[in-house]
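Reading through the structure tokens given below for one structure.
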Amino acid sequence: MKWLRRILILIIILTVCGGAFIFCLPLFNDYKTTGELQLPGLQDKVTVQRDAKGMAYIRAQNLDDLLMAQGFVTAQDRLFQMQLTRLLAQGRISELAGEAARNLDIRMRTIGLHRMAEKQARILNPKTAGQFQKYVDGINAFIENCPEDIHLEFKLAGLTPEKWDIADSLSIVYYMGYSTSANIDTEIIAQMLLETVGYEKAIQIMPLNFNPDDSNDKGSFPIPSKERLAFSKTSMTGIKKILPFLDDRKLRAGSNNWAVSPALSESGAPILSGDPHLDPRILPGVWYPIGLITPEIRSVGAHIAGIPGMAIGRTKTIAIAMTNNYGDMQDLYIETIDPDNANNYLEGDKSIPFITYNETLKIKDKEAPNGFRTQKLTIRATKRGPIVTGVLPTLKTRKLISFRFAPVESMTADIGLIDIFTAKNSADLISSIKKVPMVCLNWVFVDKDGNIGHQASGKIPIRKNGDGSFPHPVTDSSDNWLGWIPQDQMPGVLNPEKNWVGTCNHKTITSDYPYYYSSYFAASYRYQRLKELMATGKKSADTLWLYQRDTKNMMAKAIAPVMADILLKHDDSKEFGQILSDWDFMDDPDKAAPAIFQTIYTLFAKKVFEDDFGKENATIMLNSWYFWEERLQQMVLNGHSDWFDNINTNKKKETLEDLFYEAALEAKDLLIKKLGEDIKKWQWGTIHTLDLVNPLVRKGPAKDLFGTGAMPMGGSGETLYRGWYDYDKPFGITHCAALRMVADLSDDEKVMAVIPGGITGRTFHPHQKDQVKSYMTGKKLYWWFSDSAINAHTKSTLMLTP
């Protein structure tokens, strides 16, 4: 894309040389926000008021017009972002990125999210289909009626805006479901460890997941017998072929949410806090905030651009926020090709033809006659799901792995997403949440009657063997899924005696829960800290806003004293030991201790596991933090483990002390190179940074000009103020709060909220990244709620007419 680089270089030169040019830059990528615009398909007039952040507040006379205007306004701000998300979900990114994205597209076509969306669109009831149709009508109305306002990014990327249909919007919904279903991580890693170190050693390091509210919870889950897993052998090459699928879930979520009842609230009304953790690094951010108002509805909140309604925010009667609950909606199956017929697979002695799907990739290629070449794919599937280890026609092994995804089988004619923001009370809301089978989320809510609660969404299969932690070997035609966990037995609580409720992706089911739910949950550290904070008296909205930026690391509180005692014994690590001894376990950006602790502990984890698993396999496991964090902490606090011994050293048996000391010396060398010789001047925020980038300029000399550059940030993966980094690429932040919101139902004027970016996705526009400074500093911004507040803060008004 040489011409794109030339344009960007020219812009940089003009920006550096001409202040007037800087002032005029937004004109290159602006859109209509004032005056009047005819929008065929509306039944009545609609007004769109925008505040100083550029956030739109839509006033319509009916729900159909509201949804159509929501689609229109979202397209004004985010059409290019929506197109990228659609291309990703549908396996079409190579139309933009060429050969570099071909394998990604093959994987996404294999999973078949768009096939699911098309199936869902066909069975929707008329009411739900009509609501989604109105939303996409609004998107298409922008494309048709405002060609002069189409995002500059389309021209720069060489793309043409495409019309939307219901399946396009639903493909993003199913992409959310796929992204938030993470148990496949456990299955892949567990199988890899089984085949590397054998059954006895593999089960020693299976994940520990604790519910801190259940004193009887031992943290474990059912492990299949050695005899059952004897049928599970595949090849390491086969299992590793699935690993790239794990990186395709760009909407993979973490998150915190909590609520306090009137009895624990300073205002006397319930207060809700939500900060969903996603990868926010591509501007303008993941969430799209908007106000939606009719005579019956008043809602301010946010959703993923491309999906109608509201997923997080407040209405006249409720407020809601979600986290990932990691319910296990995915299973891997070990399939066998019929040796007498490569077009069939076996279920015992029964030979069954593969189901086939034919797909055609359109790959950008400057050498091709029309700028694109095509590649035909044949995707094979068993009755459980697509084959994910051999997606092309040439299959060279008798053992294959198929992927089963519960939403394919749990579709209904209704989707409760739009009903969420029309719910009038907690009972309505719970009913709506139970109609969202394709996404496993923890929804925390409050209502005007003073109720607070938590309800899980999603449909989780009941496994015959009570386990989903390893791939299931297919040995006959029986089904190991026996039905679905009943909706009235999904995790949830209403008005708990403690007067607050919260979830932090941790295990919320109790030890007496009658079903296998998941083998993949967040470590309990964030929820432990939330429990500490909630035990300190009544809360205000301001207090909960501060809690979202709390940096206390409960993992460090448990482990750092052990680490410090060891390091204080050695002259060349004593300074590290003293800093850790004096530390208050707050992962603040201006402190040296978090940098020391995080660096030593990640190196220590490598030393514990790499000799047994090998470098590649250990890195794969360690990149899945939830798989090993609480297990390794248990080893550390026990003080001894056979895993501490390096099997490659015959004359010595290494101990916990040996590994911490060795890791400290390596950490010292690494940190001196990054932070300098003077340890007293080291700061966590120097290496722990958030870097937001423009979707078209992600690398190179112009990256920081069009993005933000690396910004120092506190927190870590273990703190409420989330700053999660990839284990093998420390310490650049990949996941953090993609939105922070606090809603006090006593305040009918406003909701506290901020995003790490801006309202619009348009390069050069003043509202593309104008909230970043507030986000980084903790400054409160607001979504306006009442008519008077909206009117008082209106900066522009656009009238949409039929």
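Points to keep in mind about this one:
- Restricting region 549-564 to residues that are open to solvent by 30 Å² or more (accessible area, probe 1.4 Å) and not β-branched (Val, Ile, Thr), the residue that is farthest from THR599 (Cα to Cα): ARG549
- Qualifying positions in region 347-358 - under 15 Å from VAL474 (Cβ atoms) and touching a residue at least 40 places away in the same chain (Cβ under 8 Å): GLU347, GLY348, LYS350
- Within region 536-561, residues that are without any contact (Cβ under 8 Å) to a residue 60 or more places away in the chain reach partners that are assigned to a helix (DSSP H, G or I) with beta carbons closer than 7 Å, at six or more positions or on different chains, in the pairs ALA560/LEU580; ALA560/PHE597.
- The number of residues in region 616-630 that are in contact (Cβ under 8 Å) with a residue 60 or more places away in the chain, out of contact with any Ser or Thr (no Cβ under 6 Å at 6 or more places or on another chain) and farther than 16 Å from MET554 by Cβ comes to 8.
- ASP65 vs. criteria buried (at least 24 other Cβ atoms within 10 Å of the Cβ) and more than 25 Å from the chain's Cα centre (by Cα): yes
- Candidates ARG6, ARG50, ARG78, ARG86, filtered to the one that is modelled with pLDDT under 95 and among the charged types (D, E, K, R): ARG6
- Residues located in region 262-293, provided they are open to solvent by 10 Å² or more (accessible area, probe 1.4 Å) and of a type in the set (Ser, Thr, Tyr): SER267
- Positions within region 616-628 being of a type outside the set (Gly, Ala, Ser) and either over 13 Å from TYR601 (Cβ atoms) or surrounded by fewer than 22 Cβ atoms within 10 Å (Cβ to Cβ) (or both), in sequence order: GLU616, ASN617, THR619, ILE620, MET621, ASN623, TRP625, TYR626, PHE627
- Residues of region 414-443 that are under 19 Å from TYR517 (Cα atoms) and touching a residue at least 40 places away in the same chain (Cβ under 8 Å): LYS434, MET438, VAL439, CYS440, LEU441, ASN442, TRP443.
- The residues of region 686-701 that are open to solvent by 20 Å² or more (accessible area, probe 1.4 Å) and at pLDDT below 95, listed by number, are LEU696, ARG698, LYS699, GLY700, PRO701.
- When residues in region 38-73 are screened for being in contact with a helix residue (DSSP H, G or I) (Cβ under 7 Å, 6 or more places away or on another chain), part of a helix (DSSP H, G or I) and closer than 12 Å to ILE139 by Cα, 6 of them pass.
- Residues being polar (S, T, N, Q) and over 32 Å from the mean Cα position of the chain (by Cα) - total across region 622-671: 7
- Candidates ARG109, ARG115, ARG122, filtered to the one that is surrounded by fewer than 22 Cβ atoms within 10 Å (Cβ to Cβ) and touching a residue at least 60 places away in the same chain (Cβ under 8 Å): ARG115
- Every condition in (1) touching an Asp or Glu at 6+ places or on another chain (Cβ under 8 Å); (2) surrounded by fewer than 17 Cβ atoms within 10 Å (Cβ to Cβ) holds for LEU637 except the one numbered (1).
- Matching residues in region 565-588 - criterion: being under 30 Å from LEU546 (Cα atoms), surrounded by fewer than 21 Cβ atoms within 10 Å (Cβ to Cβ) and either in contact with a strand residue (DSSP E or B) (Cβ under 7 Å, 6 or more places away or on another chain) or among the charged types (D, E, K, R) (or both): ASP582, ASP584, MET586, ASP588
- In the set (1) open to solvent by 40 Å² or more (accessible area, probe 1.4 Å); (2) in a strand (DSSP E or B), the condition left unmet by THR336 is number (1).
- LYS155 being farther than 29 Å from ARG698 by Cβ and among the basic types (Lys, Arg): no
- Conditions (1) open to solvent by less than 20 Å² (accessible area, probe 1.4 Å); (2) in contact with a strand residue (DSSP E or B) (Cβ under 6 Å, 6 or more places away or on another chain); (3) modelled with pLDDT under 95: number failed by HIS472: (1)
- Residue that is farthest from TYR721 (Cα to Cα), among those in region 764-802 that are open to solvent by less than 50 Å² (accessible area, probe 1.4 Å) and of a type in the set (Phe, Trp, Tyr): PHE764
- Search result, residues across region 154-164 that are over 25 Å from the mean Cα position of the chain (by Cα) and in contact (Cβ under 8 Å) with a residue 12 or more places away in the chain: PHE154, LEU156, ALA157, GLY158, LEU159, PRO161, GLU162, LYS163
- Filter result (touching a Ser or Thr at 6+ places or on another chain (Cβ under 8 Å), open to solvent by 10 Å² or more (accessible area, probe 1.4 Å) and assigned to a loop (DSSP other than H, G, I, E, B)) within region 521-548: LYS538, SER540
- Residues of region 487-507 that turn out to be open to solvent by 40 Å² or more (accessible area, probe 1.4 Å) and under 30 Å from GLN191 (Cβ atoms), as a count: 1
- Within region 401-512, strands (runs of 3 or more DSSP E) holding 1 or more residues that are among the aromatic types (Phe, Trp, Tyr) and more than 29 Å from GLY717 (Cβ to Cβ): 481-484
The values are calculated or read from the model by the stated rules, or taken from the named source; none is laboratory data. Predicted model, so just to flag it, every value in this text is computed and none were measured. Don't worry about glycine lacking a Cβ; one is built from the backbone with ideal geometry, like all the others, and counts go over all protein chains shown. Note: accessible area is taken over every heavy atom of the protein model, side chains too, but ligands, DNA and RNA are not part of it. Shrake-Rupley method; radii C 1.70, N 1.55, O 1.52, S 1.80 Å.
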